[in-house]
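*Asks:* Structure in structure tokens, see below.
The values are calculated or read from the model by the stated rules, or taken from the named source; none is laboratory data. Nothing here was measured: the structure is a model prediction, and the numbers come from that model. Cβ placement follows ideal geometry from the backbone for every residue including glycine, while neighbour counts extend to all protein chains displayed. What goes into the accessible areas is simple: the full protein's heavy atoms, side chains included, and nothing from ligands, DNA or RNA. Shrake-Rupley method; radii C 1.70, N 1.55, O 1.52, S 1.80 Å.
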Amino acid sequence: MSLQDGGTPEPHDDGPGPVDRGGRGPETQPGAAPAGDVPGGTAPVPTAARRGRPRSEAVEQAIFDAAIGLLESGTPLAELSIEKLARTAGVGKATIYRRWPGKEELFVELLRSVEPPDPVLPGTSLRDDLVTLLESLRQRGLAKRSSALLHNVFSQMQLYPKLWHAYQLTVIEPRRRLGLDAVQRGMDRGEIRDDLDVEFVNDLFTGPLLLRTVIRPGATLEPGLAERVVDAVLDGLRPRT
């Protein structure tokens, strides 16, 4: 991706101005190779696979803080450019492009950082897996209700197809796969009927939570809701004798 959009990358631009304005030693050990750019259009390379100095968590947090501050101050997504983010965070634009191919990928990772983490399913039974998964959906629903930032971003995000597609692909789809895999394991173990479509069964479990968080945002998300939904649906999906 071309960086010739107004501004020259600094030779050492991995330190955010507002966070550290000097007096800091080099981030690399003597003899370490300089950091390489992440190839355009690909996800950031994990630290263990990168050559040269590791990605600075302080720099990324400064960029996220800048984005959050601008959004909370009322800056629309359409006006939140890489140039404005870099200026607010006190870094060069090359520092941002080195980590994310563009604004869409940056925002997807930002949203992941402020949402509850994806659940780790116990794998002990279908009921245990689904209760864990639905409880995670309930907590996400509560987080979106209590966070003005999340509510604001999600209300705008669907107006930008590229951003919404990136979020669907990298955040929503992996979570949906957790449910599909859990349902398939339950069918294979004989815990529920195996004559139904896996996606249909998964929708039966997740539908009530999504209904209350998306279509009926004022509906209750009380503790114990995940267990009640799972038990009610499981009761109708027992293997036929």
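*Asks:* Taking Glu191 and the conditions (1) without any contact (Cβ under 8 Å) to a residue 40 or more places away in the chain; (2) crowded, with 17+ Cβ neighbours inside 10 Å, which numbered condition does it fall short on, given that it satisfies the others?
*Replies:* (1)
*Asks:* Another question, then. Taking the options Arg216, Arg177, name whichever one is among the charged types (D, E, K, R), closer than 29 Å to Glu109 by Cα and either at pLDDT below 95 or surrounded by 18 or more Cβ atoms within 10 Å (Cβ to Cβ) (or both).
*Replies:* Answer to the check: Arg216.
*Asks:* Inspect region 198-207 for any residue being surrounded by fewer than 18 Cβ atoms within 10 Å (Cβ to Cβ), touching a Ser or Thr at 6+ places or on another chain (Cβ under 9 Å) and in contact (Cβ under 8 Å) with a residue 12 or more places away in the chain and give the result as yes or no.
*Replies:* no
*Asks:* So is His165 in contact with a Lys or Arg (Cβ under 7 Å, 6 or more places away or on another chain), within 29 Å of Gly69 (Cβ to Cβ), assigned to a helix (DSSP H, G or I) and open to solvent by 30 Å² or more (accessible area, probe 1.4 Å) or not?
*Replies:* Taking the combined requirement at face value, the residue does not satisfy it.
*Asks:* Taking the residues in region 141-156 that are under 13 Å from the mean Cα position of the chain (by Cα) and over 21 Å from Ala226 (Cβ atoms) as candidates, determine which candidate is least open to solvent (accessible area, probe 1.4 Å).
*Replies:* The qualifying residue least open to solvent (accessible area, probe 1.4 Å) is Val153.
*Asks:* May I pose another question? Could you please give the count of residues in region 129-152 that are modelled with pLDDT of 85 or more and either among the aliphatic types (A, V, I, L, M) or not in a helix (DSSP H, G or I) (or both)?
*Replies:* Residues meeting the conditions: 7.
*Asks:* Going through Thr124, Thr88 one at a time, which residue ends up being touching a helix residue (DSSP H, G or I) at 6+ places or on another chain (Cβ under 6 Å), open to solvent by 40 Å² or more (accessible area, probe 1.4 Å) and hydroxyl-bearing (Ser, Thr, Tyr)?
*Replies:* Thr88
*Asks:* Within the set of pairs 6 or more residues apart or between chains, which connect a residue that is under 19 Å from Phe154 (Cα atoms) inside region 75-87 to a residue that is open to solvent by 70 Å² or more (accessible area, probe 1.4 Å) and modelled with pLDDT under 95 with Cβ atoms less than 7 Å apart?
*Replies:* Correct list of pairs: Leu77/Tyr160.
*Asks:* If you check every pair at least six apart or on different chains, which have Cβ atoms under 8 Å apart with a residue in region 213-233 that is within 18 Å of Phe154 (Cα to Cα) first and a residue that is assigned to a helix (DSSP H, G or I) and aliphatic (A, V, I, L, M) second?
*Replies:* Once the first residue is within 18 Å of Phe154 (Cα to Cα) and sits in region 213-233, its partners that are assigned to a helix (DSSP H, G or I) and aliphatic (A, V, I, L, M) give Thr213/Leu137.
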